[in-house]
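The values are calculated or read from the model by the stated rules, or taken from the named source; none is laboratory data. In this text the structure is predicted, and so the values were computed from the model without any measurement. Positions of Cβ are generated from backbone atoms using ideal geometry, with glycine treated the same way; all protein chains shown enter the neighbour counts. Ligands, DNA and RNA are excluded from the accessible area calculation, which covers all protein heavy atoms including side chains. Shrake-Rupley method; radii C 1.70, N 1.55, O 1.52, S 1.80 Å.
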Amino acid sequence: MKTMQLTVGMIATNCYIVYDEETRAAVVIDPADNARSILRAVEQEGLQVKYVLLTHAHFDHLLAAHEVLAQTGAQYVVPEGDLWLLKRENMQDFGGMAQGYVEDTPAICAVEGTQLSFGGLTATYLHTPGHTPGSSVIQIGDCLFTGDTLFRHECGRCDLAGGDFGQMLDSLARLHDLPGDYTVLPGHEALSTLGEERAANPYMLQAVGRR
């Protein structure tokens, strides 16, 4: 398993390309913006993109999805709880920041436990609402792609439409309780580990402390 990180878009969103080195089968997680850069990386590595996976459906995680889907023939996977956010009228809430958005119909609506296989790898959806109703963490091997649920020493904001801080705390407590350690690859900012977040993330500590 190999992972490439591209930080793109006006809010510096982390887009990840994960692939099986033997078969070159790949997924693109959160194609935030700059489809040209994403597609260039895919071409340079000789990858076959099987799925475009969203952790959630805010504009800053999907503006390049339409072009990436069109150029690769990948299947579009969106958390079921965030389908309403894909509507153009909801994207307009973000004003000019979502300019150029094209609405695509998902091939797969992901829920808790949805699994997508590519090459010898499997991506599993963990439903972690709080930032949005459908927000999810995608587990591949020993990596957690946490979107805007878990950041390094932070968590995602809960004051946008559909956000719920109580649900966020429940989701952080769930991640805390996962067995073992994982690399945490968030939707923004620096990478971390689940062990570090268990020890130092104030929101995760608050989530565990209220039980």
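Summary of values
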quantity: Top-ranked residue in the range 19-38 [being outside any loop (DSSP other than H, G, I, E, B) and closer than 19 Å to G187 by Cα; ranked as most open to solvent (accessible area, probe 1.4 Å)]; calculated: S37
quantity: Search result, residues across the range 40-57 that are in contact with a strand residue (DSSP E or B) (Cβ under 9 Å, 6 or more places away or on another chain) and within 20 Å of G9 (Cβ to Cβ); calculated: A41, V42, V49, V52, L53, L54, T55, H56, A57
quantity: The listed residue being surrounded by fewer than 21 Cβ atoms within 10 Å (Cβ to Cβ), among the polar types (S, T, N, Q), under 15 Å from the mean Cα position of the chain (by Cα) and modelled with pLDDT of 95 or more, out of Q44, Q71, Q48, Q5; calculated: Q5
quantity: Condition check for E89: among the charged types (D, E, K, R) and at pLDDT 95 or above; calculated: no
quantity: Helices (runs of 4 or more DSSP H) contained entirely in the range 150-211, each with at least 3 residues that are of a type outside the set (F, W, Y) and either crowded, with 18+ Cβ neighbours inside 10 Å or touching a residue at least 60 places away in the same chain (Cβ under 8 Å) (or both); calculated: 165-176
